[in-house]
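Single-structure report; data block below.
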Amino acid sequence: MRLDSYTTGDYTPGAPFWQQLLWYFIGQPILSSYWLPMSYLKVGILRLFGAQIGEKVRIKPGVRVKFPWRLRVGDYVWIGEDTWIDNLAVVELESHVCISQGVYFCTGNHDWSHPDFQLKTASIHIEEGSWIAAKAVVGPGLRAGKGSILCMGSVAMHNLAEMTIYAGNPAQPIKSRVINSHKSNSDISTA
């Protein structure tokens with residue numbers, strides 16, 4: 001490959017240069033701050049920079065987002081500490097999705113067969129009720145089906161079927177996800 005010939009082709013960051021600068025020097029430091037742990041402030045700054053964020057979203061300290069204008073988040077989503085949303089393309093997290101600590105979303109890659117190491121991007125879509133566990137890696141173009149789980153430290157490069165649990169590198173299905181109906185403590189008899 002010839003890195004001296006590398007270009008991004010027709011790819012653009014999707015926002016004017018001044019907006020990118022404001023994000024990198026003001027928005028991102030507020031979002032990732034451990035000194036300002038309040039989710040409502042982090043949600044507000046993401047919305048200000050163009051992210052579509054639903055209600056009751058919880059964002060922990062240390063979260064990084066490359067381009068907030070390419071982020072879509074539903075309602076009641078949790079985003080854990082040190083998550084990195086490297087969104088050269090759109091990343092969409094539907095409602096009731098849990099993203100645990102240290103997850104990495106990668107929407108860009110390179111064509112290793114191209115002589116100029118050409119940039120390739122693809123969106124990531126995590127459907128409702130899914131859980132991406134701590135330190136997992138999600139690759140470009142992946143769609144996690146409704147209720148799927150990617151276990152801790154796993155690497156997913158292909159779609160995840162709904163209501164299925166995946167583990168490993170590369171992630172493989174290990175079993176179906178079954179959600180039990182549990183009684184609350186007040187429903188349990190102490191007889």
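The values are calculated or read from the model by the stated rules, or taken from the named source; none is laboratory data. Because the structure is a prediction, the values reported are computed rather than measured. Heads up, the Cβs are rebuilt from the backbone with ideal geometry, glycines too, and the neighbour counts pull from every protein chain shown.
Based on what the data block shows, is Pro170 in contact with a strand residue (DSSP E or B) (Cβ under 8 Å, 6 or more places away or on another chain), in contact (Cβ under 8 Å) with a residue 12 or more places away in the chain, farther than 21 Å from Phe67 by Cβ and not in a strand (DSSP E or B)? Against the criterion (in contact with a strand residue (DSSP E or B) (Cβ under 8 Å, 6 or more places away or on another chain), in contact (Cβ under 8 Å) with a residue 12 or more places away in the chain, farther than 21 Å from Phe67 by Cβ and not in a strand (DSSP E or B)), Pro170 qualifies. Pro68 fulfils the conditions (1) out of contact with any Leu (no Cβ under 6 Å at 6 or more places or on another chain); (2) of a type outside the set (S, T, N, Q); (3) farther than 14 Å from Trp131 by Cβ; (4) touching a residue at least 40 places away in the same chain (Cβ under 8 Å) except for a single criterion, (1).
Checked against (1) modelled with pLDDT of 95 or more; (2) out of contact with any Cys (no Cβ under 6 Å at 6 or more places or on another chain); (3) on the phi < 0 side of the Ramachandran plot; (4) not acidic (Asp, Glu), Gly153 passes all but condition (3). So, of the residues in segment 25-65 that are closer than 21 Å to Gly108 by Cβ and either without any contact (Cβ under 8 Å) to a residue 24 or more places away in the chain or among the hydrophobic types (A, V, I, L, M, F, W, C) (or both), which turns out to be surrounded by the fewest Cβ atoms within 10 Å (Cβ to Cβ)? Among those that are closer than 21 Å to Gly108 by Cβ and either without any contact (Cβ under 8 Å) to a residue 24 or more places away in the chain or among the hydrophobic types (A, V, I, L, M, F, W, C) (or both), it is Gln52. Would you mind stating whether Gly141 is in a loop (DSSP other than H, G, I, E, B) and touching a Lys or Arg at 6+ places or on another chain (Cβ under 6 Å)? Spelling it out, it is not the case that Gly141 is in a loop (DSSP other than H, G, I, E, B) and touching a Lys or Arg at 6+ places or on another chain (Cβ under 6 Å). Taken residue by residue, segment 125-142 has no member that is free of Cβ contacts under 8 Å to residues at least 12 places away in the same chain and of a type in the set (Asp, Glu). Gly80 fulfils the conditions (1) at pLDDT 95 or above; (2) in contact with a Lys or Arg (Cβ under 6 Å, 6 or more places away or on another chain); (3) under 20 Å from Arg143 (Cβ atoms) except for a single criterion, (3).
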